[in-house]
Amino acid sequence: MRAVPAPKVWVTGLTVGAIAAVAVLAVQADKGPHPTAAAARPSASATADASPAPTKSAGPAAVPDDSGTGRRIVYSLGQKRVWLVDASDAARRTFAVWPGTVSPDPGSYTVSSRLDATTGSDGVEIENIVYFSAKSGISIAFSNAVDGSSPPPAAGKQTGGVRMRAADGDALWSFGETGTSVVVVE
């Protein structure tokens, strides 16, 4: 007995059905719960008014109008959000951040230096450190925690780290070469 090959229409139907099933599952997965970064270590100095974790927005936030033009990193203090903007003024990526206790003043800056990894002033191992400002003797830089956490700043500590999720830290590291413009807006 010889196996009869399946008709072409039947194989095409199976392929279309499989693609549709994958699309439905992808939509359901996007709407379901998402894992969060590892919980921060409990601290006796944690305060009740600590900044909540960034949340996923319904859609991409628009680049602030007062953020200049050209290739740049835009950091909104009020929105606690960063945009990576290309030379054509299109936002290539935007994401929420956790600011430290010391924030830069609104204005234009330049990425002055970068460091692969170190320990932050809060004792957390960090990576993708992109320095762009200083205020009151505190260096201000974008970074992400190696373990994915972003604990609230310890009460009474002066920290200039603007933390983000690891994937966002990787993207900012790739985009923010030394000399890249950084615009800080309210």
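The values are calculated or read from the model by the stated rules, or taken from the named source; none is laboratory data. Small disclaimer: the values here were computed from a predicted structure and weren't measured. A quick note on method: Cβ atoms are made from the backbone with ideal geometry, for glycine too, and the neighbour counts reach across all protein chains shown. Remember, those area values only see protein heavy atoms, side chains included, never the ligands or the DNA or RNA. Shrake-Rupley method; radii C 1.70, N 1.55, O 1.52, S 1.80 Å.
Values as computed for the structure displayed
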{"item": "Under 5 Å, built H, 5+ apart or other chain: amide partners of Arg71", "result": "Ala87"}
{"item": "Heavy atoms of Asp89 accessible to a 1.4 Å probe, total area in Å² rounded to 10", "result": "70 Å²"}
{"item": "Debye, to nearest 20: dipole size of the range 60-101, +1 on Lys, Arg Cβ, -1 on Asp, Glu Cβ", "result": "200 debye"}
